[in-house]
Structure formats: structure tokens, C-alpha cells
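Trainee: Right, I'll just put the structure down here and ask away after.
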Amino acid sequence: MTNHQLFTNCFWFDNQAEEAAKFYTSIFPQSGIGDITKYGKEGYEIHKRPEGTVMTVEFSLGGTPFLGLNGGPVFTPNPSISYFVVCETEAETEALWKKLAEGGMVLMEIDKYPWSEKYGWVQDRYGFSWQVSLGKLSDTNGQIITPSLMFVKEQAGRAEEAIRFYSAVFRDSVTRGILRNGPGEENPEGMVKHAQFNLAGEEFMIMDSTAAHNFSFNEAISFVIHCKNQEEIDYYWDRLTAGGGQESECGWLKDKFGVSWQVEPVQLIDMLKSPDKEKTERVMKAFMQMKKFDLERLEAAFEGR
């Protein structure tokens, strides 16, 4: 994670995080694997993961930070959140598509569409969704990979409300543009067909869909917010749970639209990377008992105070 990046995209796996990170970093440009953390003895009754097995894997794809989390067979990824990938040559588009589609499921065949000369939508072998498109990086502010949120079922029609909500929460936000449905289209007139916005330097896309989808937002994909201090933790926690959000365990929450976030102090990552096993065990035990993170208590646990 570079200093300017507030967010990390978190993928929930049963136990394939390390394998998936190796796969993704082998097919995307500007990619690499970072730190790996492992489960200890503490918290087994909650996480049920064997001691010494991989807990998290940090990796970067196209300059965008990701985190693979092995949490067990609890959540199944679906296309409500996908990742829009800009490729600037046909050869690059086709090569990436072929690798992502191998062992996966095609949602939209790679072909010419009104918005791109070559585009396809695919769920990869792990169930995560990618929209691969021939285009220009200048259209996504130079960002190769952009998260795309699809508002379906009871959330359909709330995409524009979500842009306003997130833009009020995150500083330095910009709405790039909103394309709405016109008369006679599949979705009701005025709904968001496609929109792009920027939160704290990171591009996002969003759309509404009234089609009969059998999925909606869940914890398989979440956005980690890296906070410098308790003030930032409190700020994001309070604002993202406002208006009907739900608090969960270990720094997790759902906002009022059902999108999952992890509000996390940057210090926690360093604590969990410590070579001192006793310190990491104490921190693990402490944060397993928290909802919103208490940085002072985490630091006290780490130091054995």
C-alpha cells in the first residue's frame, strides 16, 4: 500500500488466498505479492483456522492494492461488485480475458459493444468478477483496475444516492459523470446506467440494475480503510454505519446499502507482522473481541500492558 492509498480491496477465500494471489499476480501488469500473515492459537474458537496456516496475503494488481483473506467457506463472491480492467491493446485484452476465463464462467462474451470495441465480463475460477475492456487509461484517471458496484434487488435505483453518500463521507471526492437510463430502456428512466466517481484519489464505478439477479452485496468483497489514528477510525465507523448500517466483529461493518467495509488502524498491520509471536497472539485475542477497533487497547495488548 502506498502512502496516498486509503483503500485496499479485500477478497474473502475459504483457504485459497495465497494460491489466488500467485495466479492474479502472474496475469496482471504492475503486480506483486507483499506480506503474508498466519493464524496463531488465539481465537481458534472464532476463526476455526489451524495454527500456522495463512490468514492474509497482501498483493498488488496494476498498482491497486488487494488483500486475500482466508476466512473459511462462509461467503461466496458474486457480480454485485466486479473489477473493471482497462487494457490499451487488443492483444492485451484477449490475453487477460483468456486467463481469467479459464476455469471460470463467462457472464458476457468478449465482443464488440457500444461502449468498447472489445469487452467481456467473466467470473474467474475463484468466483470473483472482472470486466475486461479495450480502452484508454485516461478514461479511468490512469487506474488500470476500478471496482464497480451494481445495485440490484431492493437496492436498485439507489446508485446515485450512494454516490452522494460516499462523497460526503470521503474527503476530496469527485463525480466524473453520470449516464442515466432513457425512455424505453431495460431499466426505468433516470436510473444510473453507468457512473464514475473518485473517493480520496481512488476511482469507483457504479450502476443500477432491475434485472432478476439472484445475488446482492456480501462480505466476499470488502473495502479496507486504512486509518492513521482513533479519530479517523471513529469518523469512518460512525459515518458509514449512519442511516441503517450494521456493525460487525473485528472492525467490519456494512453501510446502509449492504456494502462491506473494514475500518482498520494502520498500526494493526505492523503489529500482526511482528516476529514476536506472543505479541501477535495478544493482539489477535484483543481484536477478536472488538467490533469497532480501539487502538489504545490494541497497543496495550501488543505491549503486554
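The values are calculated or read from the model by the stated rules, or taken from the named source; none is laboratory data. From a predicted model like this one, the values you see are computed outputs, not experimental measurements. For neighbour counting, all protein chains shown are included, and Cβ atoms are generated from backbone atoms with ideal geometry for every residue, glycine included.
Trainee: Could you list, in sequence order, all residues of the stretch 198-213 that are of a type in the set (S, T, N, Q) and either in contact with a Cys (Cβ under 7 Å, 6 or more places away or on another chain) or closer than 16 Å to N9 by Cα (or both)?
Mentor: Of the residues in the stretch 198-213, the ones of a type in the set (S, T, N, Q) are 198, 209-210.
Within the stretch 198-213, N198 is the sole residue that qualifies.
Trainee: Here is a follow-up. Considering each residue of the stretch 20-53, count those that are buried (at least 18 other Cβ atoms within 10 Å of the Cβ), modelled with pLDDT under 95 and more than 18 Å from Q262 (Cβ to Cβ), and give that number.
Mentor: Residues meeting the conditions: 2.
Trainee: Next up: Given E109, E102, E94, which one is over 25 Å from A21 (Cβ atoms), at pLDDT 95 or above and surrounded by fewer than 19 Cβ atoms within 10 Å (Cβ to Cβ)?
Mentor: From the options E109, E102, E94, the qualifying one is E109.
Trainee: Now a separate question. Failed condition for V283, given (1) of a type outside the set (F, W, Y); (2) surrounded by 18 or more Cβ atoms within 10 Å (Cβ to Cβ); (3) under 27 Å from A156 (Cβ atoms); (4) free of Cβ contacts under 8 Å to residues at least 24 places away in the same chain, with all others met?
Mentor: Evaluating V283 over (1) of a type outside the set (F, W, Y); (2) surrounded by 18 or more Cβ atoms within 10 Å (Cβ to Cβ); (3) under 27 Å from A156 (Cβ atoms); (4) free of Cβ contacts under 8 Å to residues at least 24 places away in the same chain leaves (3) as the failure.
Trainee: From the residues in the stretch 112-152 that are of a type in the set (D, E) and more than 16 Å from A91 (Cβ to Cβ), which one is modelled with the lowest pLDDT?
Mentor: Restricting attention to the stretch 112-152, the residues satisfying the condition of being of a type in the set (D, E) are 117, 124, 139.
Narrowing further to those that are more than 16 Å from A91 (Cβ to Cβ): 124, 139.
Details: D124: 98, D139: 93.
In this case the residue turns out to be D139.
So that you can scan it fast, the table gives a plain yes or no per residue for (1) touching a helix residue (DSSP H, G or I) at 6+ places or on another chain (Cβ under 9 Å); (2) of a type in the set (A, V, I, L, M):
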| residue | (1), (2) |
| --- | --- |
| G32 | yes, no |
| K41 | yes, no |
| R49 | no, no |
| M55 | yes, yes |
| G68 | yes, no |
| F75 | no, no |
| I81 | no, yes |
| C87 | yes, no |
| L96 | yes, yes |
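Trainee: Residue check: is P183 surrounded by fewer than 16 Cβ atoms within 10 Å (Cβ to Cβ), more than 28 Å from L67 (Cα to Cα) and touching a residue at least 24 places away in the same chain (Cβ under 8 Å)?
Mentor: Details: surrounded by fewer than 16 Cβ atoms within 10 Å (Cβ to Cβ): yes; more than 28 Å from L67 (Cα to Cα): yes; touching a residue at least 24 places away in the same chain (Cβ under 8 Å): no.
Judged against the criteria, P183 is not a match.
Trainee: Which strands (runs of 3 or more DSSP E) sit wholly inside the stretch 105-210 and have at least 3 residues that are within 19 Å of the chain's Cα centre (by Cα)? Spell out how you get there, then give the answer.
Mentor: Numbers: elements: 105-113, 116-123, 129-134, 145-151, 174-180, 192-199, 202-208.
It comes to 116-123, 129-134, 145-151, 192-199, 202-208.
Trainee: Taking the options F75, F84, F66, name whichever one is closer than 21 Å to D270 by Cα and not acidic (D, E).
Mentor: Values: F75 fails: closer than 21 Å to D270 by Cα; F84 fails: closer than 21 Å to D270 by Cα.
When all the criteria are applied, what remains is F66.
Trainee: Starting from residues that are part of a helix (DSSP H, G or I) and of a type in the set (S, T, N, Q), keep the ones in the stretch 238-270 and report whichever is nearest to the chain's Cα centre (by Cα). Working first, answer last.
Mentor: Let us first name the residues in the stretch 238-270 that are part of a helix (DSSP H, G or I), namely 238-241, 266-270.
Among the residues that remain, those that are also of a type in the set (S, T, N, Q) are: 241, 267.
Values: T241: 17, Q267: 20 Å.
Of everything passing the filter in the stretch 238-270, T241 is nearest to the chain's Cα centre (by Cα).
Trainee: Same structure, new question: Could you look through the stretch 92-117, keep only residues that are hydrophobic (A, V, I, L, M, F, W, C) and out of contact with any Phe, Trp or Tyr (no Cβ under 8 Å at 6 or more places or on another chain), and pick out the one that is nearest to P29 (Cα to Cα)? Spell out how you get there, then give the answer.
Mentor: First, pick out the residues of the stretch 92-117 that are hydrophobic (A, V, I, L, M, F, W, C): 95-97, 100-101, 105-108, 110, 115.
Okay, now just the ones that are also out of contact with any Phe, Trp or Tyr (no Cβ under 8 Å at 6 or more places or on another chain), so 95, 97, 101, 105, 115.
Details: A95: 12, W97: 13, A101: 17, M105: 22, W115: 23 Å.
That would be A95.
Trainee: With the requirement that a residue be without any contact (Cβ under 8 Å) to a residue 40 or more places away in the chain and closer than 16 Å to M290 by Cα, what does the stretch 242-266 give you?
Mentor: Q246, W252, L253, K254, W261, V263, P265
Trainee: Also: Within the stretch 71-80, restricting attention to residues that are surrounded by fewer than 23 Cβ atoms within 10 Å (Cβ to Cβ) and modelled with pLDDT of 95 or more, which residue is farthest from N214 (Cα to Cα)?
Mentor: Let us first name the residues in the stretch 71-80 that are surrounded by fewer than 23 Cβ atoms within 10 Å (Cβ to Cβ), namely 71-79.
Filter once more, so that each one left must be modelled with pLDDT of 95 or more: 75-79.
Working: F75: 15, T76: 12, P77: 12, N78: 9, P79: 10 Å.
Checking each candidate, the answer is F75.
Trainee: Is there a residue in the stretch 213-226 that is more than 22 Å from W130 (Cα to Cα), touching a residue at least 60 places away in the same chain (Cβ under 8 Å) and polar (S, T, N, Q)?
Mentor: no
Trainee: Checking F293 against (1) at pLDDT below 95; (2) in a loop (DSSP other than H, G, I, E, B); (3) closer than 16 Å to W252 by Cβ, which test does it fail?
Mentor: In the conditions (1) at pLDDT below 95; (2) in a loop (DSSP other than H, G, I, E, B); (3) closer than 16 Å to W252 by Cβ, F293 misses (1) alone.
Trainee: So, one more: Quick one: would you say S60 is crowded, with 21+ Cβ neighbours inside 10 Å, under 26 Å from V152 (Cα atoms) and small (G, A, S)? Step through it out loud before you land on a result.
Mentor: Numbers: crowded, with 21+ Cβ neighbours inside 10 Å: yes; under 26 Å from V152 (Cα atoms): no; small (G, A, S): yes.
Considered against the rule, which asks whether it is crowded, with 21+ Cβ neighbours inside 10 Å, under 26 Å from V152 (Cα atoms) and small (G, A, S), S60 comes out as no.
Trainee: Looking at the stretch 1-101, what helices (runs of 4 or more DSSP H) fall wholly within it and have at least 1 residues that are closer than 30 Å to E278 by Cβ? Can you show your working first?
Mentor: Numbers: elements: 17-27, 44-47, 90-101.
Where helices (runs of 4 or more DSSP H) fall fully within the stretch 1-101 and carry at least 1 residues being closer than 30 Å to E278 by Cβ, they are 17-27, 44-47.
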